Protein chains: 6
Amino acid sequence: DNHEPEANDAWLPSLITETPQEGFALAITLSQKGVATTQPDAEVRKEQRPEYAQDPDSLIAISHVIATHFQTVAAANDYWRE
Amino acid sequence: DNHEPEANDAWLPSLITETPQEGFALAITLSQKGVATTQPDAEVRKEQRPEYAQDPDSLIAISHVIATHFQTVAAANDYWRE
Amino acid sequence: DNHEPEANDAWLPSLITETPQEGFALAITLSQKGVATTQPDAEVRKEQRPEYAQDPDSLIAISHVIATHFQTVAAANDYWRE
Amino acid sequence: DNHEPEANDAWLPSLITETPQEGFALAITLSQKGVATTQPDAEVRKEQRPEYAQDPDSLIAISHVIATHFQTVAAANDYWRE
Amino acid sequence: DNHEPEANDAWLPSLITETPQEGFALAITLSQKGVATTQPDAEVRKEQRPEYAQDPDSLIAISHVIATHFQTVAAANDYWRE
Amino acid sequence: DNHEPEANDAWLPSLITETPQEGFALAITLSQKGVATTQPDAEVRKEQRPEYAQDPDSLIAISHVIATHFQTVAAANDYWRE
């Protein structure tokens, strides 16, 4: 069952997080959403996982996407400066 | 029929969105427009879809483009801070 | 005839545009100029077109370059905020 | 033993560092976390290491991710200006 | 003769340019310097030219580097706003 | 002998440089440090050099990393504006 009700639901109410670590987690979520947008079938994504999780270059590329989103989230939170 | 009337029409009146989630959707649109500009034939793009939607590295690359546009849209909206 | 008189002419008088959509068009122009700089022969570029226009990964990479330039153009225009 | 207790623990309390060099070290940590998120099995990551550490293109790609995170950390620290 | 006297000379006195177009030209120079740093032999670089100038993916990658440097040069010039 | 005493020493006391050109040199250093972090064996890096120095795509990728770091260094120096 590939039903993904969250696709039409609110999943990104805010870019503001309590801590940098929660901001990093949000950057991961944003990266995954970018993939899920183009490949909405959760089953296919699950099947692809062993492929890219074993490929260092794919892992590095994913880490780059997370880094790009983390720039946005960190700026949104004014870098969690006190 | 590959007629794409929207190519000459207004499709990007503003970068301002109500919510971060709508901003993310706009980033997806901008990413797709970047592709459609170089490959304006919607039929060809449709034929390519199964190819890249099955390729984890292509999906990661698309997610990176979305992340880059989301930086722009988020900054335009001052990160939807209250 | 690959004569390209515009190479020495003014093609980028300003980064300011009326609308976001014109800004996106300028980002496309900047992306193309970046290619034309290294491969100034318009004939060669024309011959390459079918190759990359059929390759999803090339199209995604082009869309990434456009996204990078769009960041610049959007910032230059203060995101066309009213 | 792939037990990674730190996954649920606080590993990113702040983006603020004393020096640029510590900021660079943090950028490396962030890059590695981006990989560990997708491939949480430390044993697999250890096995992959000889592969990418011998591949110049992988090393360059890792350096790019670090550079992206360093932008964020440097901005957070206002570039360690005095 | 691969003597490159300019390597030790001043080639980047300023990021300020009169016009956006000169700024774009400077971005191209910066991109080329980034290559020349790693491959300082001008003869080798000249031999490589036909290879990458015929490869659309290489040309797109070069255009991306130019776009990244153009962001820097454009910001330095406050986007040549009047 | 791969002893690299500088690994534990201060190599990045500041992002501030006198000139843009010194800033560009610092961006190169940062790019190289990002590689040396993952492949700390200087001998291996030396052996890899002919491989990537002959590969235009590797050289372009290195130039991209330098460009990313140069953004950071240039911002840190307020673009060396007078």
Would you kindly derive the ³J(HN,Hα) couplings of the range E:59-72 from the backbone phi angles with the Karplus curve 6.51 cos²θ - 1.76 cosθ + 1.60 (θ = phi - 60°), listing them in order in whole Hz, with x for Gly and Pro? 5, 5, 5, 4, 4, 5, 5, 4, 4, 5, 5, 5, 4, 5
Counting only other chains, what is the mean number of Cβ atoms within 10 angstrom of the Cβ of each residue in peptide D:13-25? 4
Step through the residues of the range E:14-30 one at a time and calculate ³J(HN,Hα) from phi using the Karplus curve (6.51 cos²θ - 1.76 cosθ + 1.60, θ = phi - 60°), rounding each to whole Hz and writing x for Gly and Pro. 6, 9, 7, 10, 5, 9, x, 5, 5, x, 5, 4, 5, 4, 5, 4, 4
Taking the alpha-carbon centroid of each part, what is the distance from the range D:26-57 to the range B:48-82 in angstrom? 23 Å
Förster radius 30 Å - calculated FRET efficiency between residue A:81 and residue D:46 (Cβ-Cβ, nearest 0.05): 0.25
From the label point of residue B:19, set 7 Å along Cα to the beta carbon, how far off in nm is each other copy's matching point, shortest first? 2.7, 2.7, 4.7, 4.7, 5.4
What whole-number value in cubic angstrom gives the convex hull volume per residue for the C-alpha atoms of chain F? 101 Å³
Chain B - percent relative contact order, Cα under 8 Å, separation 6 or more: 46 percent
Can you show me the helix-derived [θ] at 222 nm for chain A, built from DSSP H runs with n ≥ 4 at -39,500 (n - 2.57) apiece and divided by the number of residues, rounded to the nearest 500. -21500 deg cm²/dmol
Just the ratio, please: alpha-carbon radius of gyration of the protein assembly as shown over 2.2 N^0.38 Å, N its number of residues. 0.94
Lysines with Cα under 24 Å of residue E:33, excluding same-chain neighbours fewer than 8 positions away: C:33, E:46, F:33, F:46
What is the angle, in °, between the Cα long axis of helix D:42-53 and the longest principal axis of the Cα atoms in chain D? Nearest 10 is fine, range 0 to 90. 80 degrees
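None of the figures in this text is laboratory data; all of them are computed from the coordinates on show. As the structure is a computational prediction, the values presented were derived from the model and not from experiment. Ideal geometry is used to build each Cβ from the backbone, glycine not excepted, and the neighbour counts take in all protein chains shown.
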